[in-house]
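The values are calculated or read from the model by the stated rules, or taken from the named source; none is laboratory data. Only a predicted model underlies this, so the values are computations on that prediction, with no experimental measurement involved. Note that we place each Cβ from the backbone using ideal geometry, even for glycine, and neighbour counts take in every protein chain shown. Note: accessible area is taken over every heavy atom of the protein model, side chains too, but ligands, DNA and RNA are not part of it. Shrake-Rupley method; radii C 1.70, N 1.55, O 1.52, S 1.80 Å.
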Amino acid sequence: MFWDEVYKGTPPWDLDHPQPAFQGLVQSGEINPERALDIGCGRGENAIMLAMSGCDAMGIDLAEDAISDAKAKATERHVKVNFAVGNVLQMDRLFEEGEFDVVIDSGLFHVMTDEERPVFAWQVHRVLKDGGKYFMLCFSDKEPGEYELPRRVSKAEIESTFSPLFNIIYIKDAAFDSLLSPGIRKAYLLSATRS
Ligand SMILES: C[S@@+](CC[C@H](N)C(=O)[O-])C[C@H]1O[C@@H](n2cnc3c(N)ncnc32)[C@H](O)[C@@H]1O
């Protein structure tokens, strides 16, 4: 599987620290100590940061190696996070409805196909409590380049995917930190609540 292969090395998003955009959400109080799920958590930096800020944090990812590395990292840092292998498009097999207060997504939505996007939005909506929050960081269409993945996403695409099921609070210009040179990529940060 593509994602398992990727984690045999160090992919460009695989930082040794959380994405600053999500640290900012904790600092601003938009993410409080609550039950939080990181979808497509990779090697777990963002979920570990949430746990360290007081959240009851869980992370899921398709890639088994990424999950075992995330578990080892959390153990090494003495942080309690529940990491599990799981497909975001099949979360109804993993979680009850309304299990989480907050879902974060650092670079997962932008790898979904057009066909997967509505399923993805439904699955995120389903695991959130009423009024639960979804924060998503994706590559923006302001980022130059032609390559296929990650997709560059427009504000209109974010709105059309999520507005049927969520109240959109904002879609802000933001940045992705990466190991590429230069390290910063143009992104959008979505804040939405389950409607
Ligand atoms: C761009 S990476 C971002 C990883 C992590 N969020 C980070 O910021 O380091 C996208 C991640 O989504 C995972 N992924 C892709 N499709 C998935 C799916 N259907 N369900 C769960 N995880 C998935 C990949 O294995 C990969 O770890």
For the chain, calculate the relative contact order in percent as a whole number, restricting contacts to Cα pairs under 8 Å that are 6 or more residues apart.
20 percent
Can you tell me the FRET efficiency between residue 17 and residue 168 if r is taken as the Cβ-Cβ distance and R0 is 35 Å, rounded to the nearest 0.05?
0.80
Anyone know which of 60, 158, 184 comes out most mobile in the 10 Å Cα GNM of the chain?
184
Please compute the per residue accessible area over the chain with all protein chains in place, 1.4 Å probe, rounded to a whole number of Å².
46 Å²
Mean Kyte-Doolittle of at least -0.5 and a Cα length of 15 Å or more along the axis: which whole DSSP H helices of the chain meet both?
116-127
Would you kindly work out the equivalent ellipsoid of the chain from its C-alpha gyration tensor and give its semi-axes, the square roots of five times the eigenvalues, largest first in whole Å?
21, 21, 17
Could you work out what % of the accessible surface of the chain is carbon and sulfur, using a 1.4 angstrom probe and leaving DNA, RNA and ligands out of the count?
51 percent
Pull up the cross-link candidates among the lysines for residue 71, meaning alpha carbon to alpha carbon under 22 Å and not fewer than 8 places away within one chain.
8, 80
Among 59, 132, 183, whose mean-square fluctuation peaks in a Gaussian network model of the chain (Cα, cutoff 10 Å)?
183
Taking the Cβ of residue 44 as the centre, find all other residues whose Cβ is under 9 Å away and add up their charges (Lys, Arg: +1; Asp, Glu: -1).
-1
Could you list which residues have their amide H under 5 Å from that of residue 103, counting only those 5 or more apart in sequence or on another chain, with H placed in the peptide plane?
37, 133, 134, 135
The chain: antiparallel bridges as % of DSSP beta bridges, rounded to 5, reads 45 percent
Loop by DSSP (not H, G, I, E, B), at most 12 other beta-carbon atoms within 10 Å: where is the longest site-free stretch of the chain for GluC sites (Glu not before Pro)?
1-95
Considering only DSSP states other than H, G, I, E and B, which trypsin sites (Lys or Arg not before Pro) in the range 34-141 qualify as loop sites with at most 16 other Cβ atoms within 10 Å?
77, 80
